[in-house]
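Just so it is clear, none of the values below were taken in a lab; they were calculated from the coordinates. Keep in mind the model is a prediction, meaning the values are calculated, not measured. Cβ: placed from backbone, ideal geometry, glycine included. Neighbour counts: every protein chain shown.
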Amino acid sequence: MQALRIGDLEARLPIIQGGMGVAVSLSGLASAVANEGGIGVISSASIGMLIPGFSKDFRAANQRALREEIRKTRKLTKGIVGVNIMVALSDYTDHLQVAVEEGVDLIISGAGLPLKMPAILLKDKAGENRTKFVPIASSARAAKLIFKYWADHYGVIPDAVVVEGPLAGGHLGFKTTQIDDKDFSLQKLVPEIVSIMKPFEQQFGRPIPVIAGGGVYTGSDMRQIMSLGAAGVQIATRLVPTFECDASMEFKKAYINSKKEDLMLIKSPVGLPGRAIRNQFLEAVEAGEKKPIKCPWKCIKTCDYKKAPYCISLALINASKGNLKNGFVFAGSNAYRTTKIQSVKAVFAEMIEEYKSASPPNNNLMSIRPMPDFLRNRSRVRALV
């Protein structure tokens, strides 16, 4: 198991912890993952709801809460820390500004295409010791579009890319009909995006790590997907039932008590399908009940709160605090496989053993990512010297 390198950053374990909002992955989980050698990630989604009286100025509350959470994390770890910032957020640029000002190691952005390079990153782009930017893509076409746009308009490209498959939890970048279609599986997406990255690696003279997420649960899964060219994996679901996860015990027990048939797809108020654990709240929504909405801030650009049956940010913050009567739990397709609450350290130890004991995939020799020519030539010169 090789380290994950993103520019000058090096994570001993090739694992990025998925950003889970609202208030599921904060300083507790992010610092624990970073301390174990992975990349810990804070979710900035509606983070201001942690601040008392947030509805008076939701935008300012988001900035304050994110800044505080980053600083808490830095006090708890010297490891690699990132922030997941959704492109769909109404105050997306505010979150970027805070993250860069606070010196996070990397920003991960999905829930939309981050085509326009934020001005704060343009100012920050000189030198290696800068905030890295990693978009999330759910198709080779989307990944190519992002990288080509940046290359053509700014003369730079993102530092890595996360490819997120349809088995992930939360909001999904797929149509409902694509979620069970093998043509959109992570195993098919990874080699396609690895191939798409090669011309950009040649053009800019550096490797572009592809990180695979969505349905990666065991070390065996990890080994199989990395044999297809992924430089690392993104893990979320398996890290929820941990002592360090910032969500409530009731939230974690929803994972442990779930069965396979409890995992369901929902139509989110923000216009995307999502995967969640069935409960009374979601059943009531399915039955046509409309929850009263008093929207203090249109946090997601695509949300039509006047027509929405409930406020998703409020439902998610309720769930993270343990109020499942007035909320629900997002989860990946493997949530039902969780059976106990343990430490992040124990989870990673299990995954490492699973990785080691897994049989090498049959496609290993056929699909392993070839070394780019510019690196191969450099190695050859070094050998001659």
Worksheet item: For the stretch 195-226, how many residues meet the condition of being within 19 Å of the chain's Cα centre (by Cα) and farther than 27 Å from Val347 by Cβ?
Response: 1
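Identify, please: which residue in the stretch 207-222 is part of a helix (DSSP H, G or I) and touching a helix residue (DSSP H, G or I) at 6+ places or on another chain (Cβ under 6 Å) and is, among those, surrounded by the fewest Cβ atoms within 10 Å (Cβ to Cβ)? Give the derivation first.
The first filter runs over the stretch 207-222 and keeps only residues part of a helix (DSSP H, G or I), leaving 219-222.
Within this subset, residues satisfying the condition of being touching a helix residue (DSSP H, G or I) at 6+ places or on another chain (Cβ under 6 Å) are 219-220, 222.
Details: Gly219: 21, Ser220: 17, Met222: 25.
Ranking the candidates gives Ser220 first.
If you scan the stretch 320-352, which residues turn out to be in a helix (DSSP H, G or I), under 19 Å from the mean Cα position of the chain (by Cα) and closer than 18 Å to Leu50 by Cβ? I'd like the intermediate steps shown before the answer.
From the stretch 320-352, those in a helix (DSSP H, G or I) are 320, 324-326, 335-337, 344-352; that's our starting set.
Restricting the remaining residues to those that are under 19 Å from the mean Cα position of the chain (by Cα) gives 320, 335, 344, 347-348, 351.
If the condition is that a residue be in a helix (DSSP H, G or I), under 19 Å from the mean Cα position of the chain (by Cα) and closer than 18 Å to Leu50 by Cβ, then Ser320 is the only one that fits.
Condition first: closer than 17 Å to Ser55 by Cβ, out of contact with any strand residue (DSSP E or B) (no Cβ under 9 Å at 6 or more places or on another chain) and either surrounded by fewer than 18 Cβ atoms within 10 Å (Cβ to Cβ) or not small (Gly, Ala, Ser) (or both). Now tell me which residues in the stretch 309-319 satisfy that.
So the first thing to find is which residues in the stretch 309-319 are closer than 17 Å to Ser55 by Cβ, and the list is 310-318.
Now drop any that are not out of contact with any strand residue (DSSP E or B) (no Cβ under 9 Å at 6 or more places or on another chain), which leaves 310-311, 314-315, 317-318.
Of everything in the stretch 309-319, those that are closer than 17 Å to Ser55 by Cβ, out of contact with any strand residue (DSSP E or B) (no Cβ under 9 Å at 6 or more places or on another chain) and either surrounded by fewer than 18 Cβ atoms within 10 Å (Cβ to Cβ) or not small (Gly, Ala, Ser) (or both) turn out to be Tyr310, Cys311, Leu314, Ile317, Asn318.
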Worksheet item: Looking at the stretch 227-255, which of the residues that are within 13 Å of Thr338 (Cα to Cα) and assigned to a loop (DSSP other than H, G, I, E, B) is nearest to the chain's Cα centre (by Cα)?
Response: Ala236
Worksheet, complete the sentence: Flagged in the stretch 188-208 as in contact with a Leu (Cβ under 8 Å, 6 or more places away or on another chain) and under 16 Å from Ala137 (Cα atoms), in numbering order, are Val190, Pro191, Val194
Practice prompt. Just name the residue that is farthest from Phe348 (Cα to Cα) out of those in the stretch 1-15 that are among the aliphatic types (A, V, I, L, M) and in a loop (DSSP other than H, G, I, E, B).
Written response: Ala3
Item to complete: Please go through the stretch 69-86 and pick out each residue that is assigned to a loop (DSSP other than H, G, I, E, B) and of a type in the set (S, T, N, Q).
Response: Thr77
